Every structure is written in C-alpha cells, then in structure tokens.
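Each remark here refers to the structure printed beneath this line.
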Amino acid sequence: MIDNTIFENKKAAYHTLGCKLNYAETSAIGKQLSQVGVRKTREGEIADICVINTCSVTEFADKKCRQAVRKIIKENPGAFVIVTGCYAQLKPEDVAQIKGVDLVLGSEQKLDVIAYLDELKKKDKGAIYTSETKKIKTFVPSCSQDDRTRYFLKVQDGCDYFCSFCTIPFARGKSRNGTITSMVKQAEEVAAKGGKEIVLTGVNIGDFGKTTGETFFDLVKVLDEVEGIERYRISSIEPNLLTDEIIEFVASSKRFAPHFHIPLQSGSDTVLKLMRRRYDTSLFRQKIEKIKTVMPDAFIGIDVIVGTRGETDELFEETRLFLESLYFSQLHVFTYSERPNTLALKIEHEVDAKTKHARCKALLDISDKKFEAFYQSQQGSARKVLFEHTQHDDSMYGFTENYVKVETTFDIDKANQIKLVTLGSFNKVKTALTEA
C-alpha cells in the first residue's frame, strides 16, 4: 500500500502529445495525483513529478516523444519522471533506456498511476509496467478541459479494425467503452462546472457499445437531453459507422453541432482495399451527400493519408479527382509513415519522400480552396459563437456551431458565453471571419 505522505507538498508537470483522447487521459491522471495532495506546477516552478503521455501514430511522433521526454527531464532536474501512452506501450524498453526516466506505464496501467508510485526515488533505469495488448480490457472514463472552452469526454477506447497501416490496436487493445449512464454523469458534472461544449472522443467512437450492449446512437440521443450543455461535437467517426439515423438526428437535435470529422484515408478503392478499410468511395460519397442534404451549412473535415505503400501515380490521381468532386470544408493530410509489425510492410511499391511531399502539397491546395469557399459561404449569416477566454492582442476568438472561427474585439464578459453574431469578412492570415 502506498504511503500518501510521500506526496505532501509535491508539484507535478504534465505534457501530452497526440490526440484529444490523450489529453482527456492526462487530465484523469492529474485528478488522481491531485486527490493525494499533488498540485500542478505554476509558471516558472520546477516539478517534483513529471508525467509525459505519448503518441506513436507515426515515426515522427515517436521522435517528438523522445525529444519531449529529454527536454522535460532537463527542465526539471531531479524530478520523478513517468512516461506513458502509446509509444510507452509499443516500445517500453526504448523509453526506459532514456536517462532520467523512472517509470514506464502501458495503456492498461496509466489510469491507475498511484498504484505504481513507491517512494518517488530516482532509478538507474525506468521500471516497466505494461500488459500484453490482448489483455488490455479496462475502460476508465476521463474528461479534460482544453485551454479554451471545450471539454473532451472519452467515451470509447481501443480498436478492432487492424487497418494495414495502423498500430493503434497494438497500443490500445480491443474496442471497449463505459456505460451511457457513466457518460451522462460526466456530462452533468461538466455542466455543473459551467462548461458549455463537449467533444466526444475515443479511438473508434462509432464502435461505442460493444462492451455494454448499447450503441453510439443510443449515447447521442441520451446526451442530447443533458441540461446545461449547449453543444456537443462528434470527433472522428468512421464512415461505415456514421449511420443515416445519426446524421438525421444531429440535423434535428437540440445540442449536437453540424460538424463532422470523417476519415477517408484514400479516394482510391484499390488503395482502400490495401489499407483494409471497411468502406469504399461510393459509401463515403453517400455519407457526405446525406450530410449536405440535411445540413447544408455543416462543417465537414476529412482525413487523408498520402504516399502509402501501393499508391501509384495513377491511384493518387484517383484520390485527387475524388476529393475535387466532393463537398467538404477542410482536409487533414498525413504523410504515410512505416510502422513496425503492420501488414502494410508486405505491400510492394514504396513511394519516395519527394513524391509524398508533392502529393501532400497537391491535396493541401485543394483543402485551401474548399476551406475558403466554405467560409465565404458563411459570410453575412447569423451564427451562435462560443467565445474563448484567451486574449490575442486586442482580439478574442470563438467558434460557431458549424466550426467557423470568429474574431472580435476582446471583451472578458464574452468569455465562455454564446453570442449571436453576424459573420463578416474573411481574415485569410488568421483563417477567421470577423464579427460584422
């Protein structure tokens, strides 16, 4: 049993890399430590405990994690250093070898961090506590607030899809989730704190309900009734799990925003098969057109990966043309990165770095045009904007329900408040519409 007196007067620093799910989980770790008396460091303070929650979605992400760990160790001499997250789960030995790391926790262990803290004594090499991926079954709900106005509610974890390019199932285990009742309780807690916007997050949120006999649609319907929350956003959801009933419900709901983030990954059916995705371009187009029909002003973000193994010039051209023909608001373009132990490594035809860069630029050019066209279509309309606390010179920002960034003169009384505004001109530098 841990002697809680070791935490007296201790200060902790937290550093999160990667997805919004990681941020929610870091918040849960911070809550555990605060409950035993550890407070968060203030600006300029050196931490006694450092928690680094890592990502491993690409090779570059791995590199960033190593750099972040070393930087934090240097900035907090003598601190007890805990490294967790996907990189720690996938490559624990690599992490443990970094000088100054004391504890490496896997995906199953990170949300019970107190159980692994002995006397907070520095070690010659990091102690490793991880589980085999197939044994990762625990779901621990978590919710975080970003530095603006949103809360991120973890509703699901893990993935059963095993796409050929992805290591997430190896890092996070099988798909699992909490109950709808537990999610409602957390949403009510956010409302009690004065929170107005919640983003539903997870690894594969459309798969919600596998472990509780419920569905994501069930969850959406019940959350829509929680008083005090002004709006919800659905984070990335697979096109094959974004049902027409969910789209139609969002269109007529009280609180769900007309904002969708849908991973396409490739606009070539041949490449989608190589990726082992569970849909084709025809289904994807159908989903986009359904959204456009029932919510003409919806913001639609799309993920695409360029330069995957097997993506020839001709197949990339299929993707480019498909995206040109599609209605959406913005692309998130990722460059393919080789991941150890993935099936993609068996695919012939590798794409060189120069070609990857050119393809990335070509799709970002399409994204810029679509994004500006969407913003221009919103000019002159009246929209509800949730303004953020942060001051930028004399300005402040907020977002409409359909995710248009709005700039206005700073007024602290507007912070965390929803105001009806008329959208003005497009500030291309700040990618925002001004309040008219």
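Bear in mind that the values in this text are calculations on the coordinates, not laboratory data. What you are looking at is a predicted structure, and each value in this text was computed from that prediction instead of being measured. Quick reminder, even Gly has a Cβ in these numbers, built from the backbone with ideal geometry, and neighbours come from all protein chains shown.
Counting Cα-Cα pairs of segment 382-435 in 5 Å increments starting at 0 gives whole-percent bin shares of 5, 24, 35, 25, 10, 0. Which stretch or stretches of segment 349-391 have amide N atoms under 14 Å from the point lying 7 Å from Lys419's Cα along the Cα→Cβ direction? So the set is 383-391.
When the Cα centres of segment 288-327 and segment 126-174 are compared, how far apart do they sit, in Å? If you average the Cα positions of each part, the centres end up 27 Å apart.
Quick one: of the DSSP bridges fully inside segment 310-436, what percent are antiparallel, nearest 5?
On the way: 17 of 19 bridges.
That works out to approximately 90 percent antiparallel.
Under a plain spin-label model, where a point goes 7 Å from the Cα along Cα-to-Cβ, how far apart in nm are Ala61 and Ser377? Simple spin-label model gives 3.0 nm for this pair.
Estimated translational diffusion coefficient (Stokes-Einstein, Kirkwood radius over Cα pairs, 20 °C, 1.002 mPa s) of segment 4-131: 150 µm² per second. Between Asp112 and Lys361, residue separation times 0.36 nm minus the direct Cα-Cα distance comes to 85.4 nm. Once the GluC sites (Glu not before Pro) in DSSP loops with at most 10 neighbouring Cβ atoms within 10 Å are cut out of the chain, the longest remaining piece is 228-347.
Remark on the chain: Rg and Dmax equal 22.2, 64 Å (Cα only). Once the Cα-Cα distance is subtracted from the 0.36 nm per residue extended length, the Glu225 to Glu8 segment shows a gain of 74.0 nm. Take the Cβ atoms of Asp218 and Gln145, set R0 to 35 Å, and the FRET efficiency comes out at 0.85. Note on Glu93 and Leu120: their simple-model spin labels are 3.2 nm apart, each label 7 Å out from Cα toward Cβ. In plain terms, the C-alpha convex hull of segment 142-300 casts an average shadow of 9.4 nm² when viewed from every direction. Shape summary of segment 272-404, radius of gyration then Dmax from alpha carbon positions: 18.0, 54 Å.
Exposure proxy for Tyr161, Tyr403: other Cβ atoms within 10 Å of each Cβ, ordered fewest to most, give Tyr161, Tyr403.
Given a Förster radius of 41 Å and the C-beta distance between Ser337 and Glu188 as r, what FRET efficiency does 1/(1 + (r/R0)^6) yield to the nearest 0.05? Write down the numbers at each step before the final one.
Numbers: r = 40 Å, r/R0 = 0.98.
Computed FRET efficiency for Ser337 and Glu188 comes out at 0.55.
Summary of the geometry: segment 374-397 and segment 52-111, compared by the centres of their Cα atoms, lie 37 Å apart.
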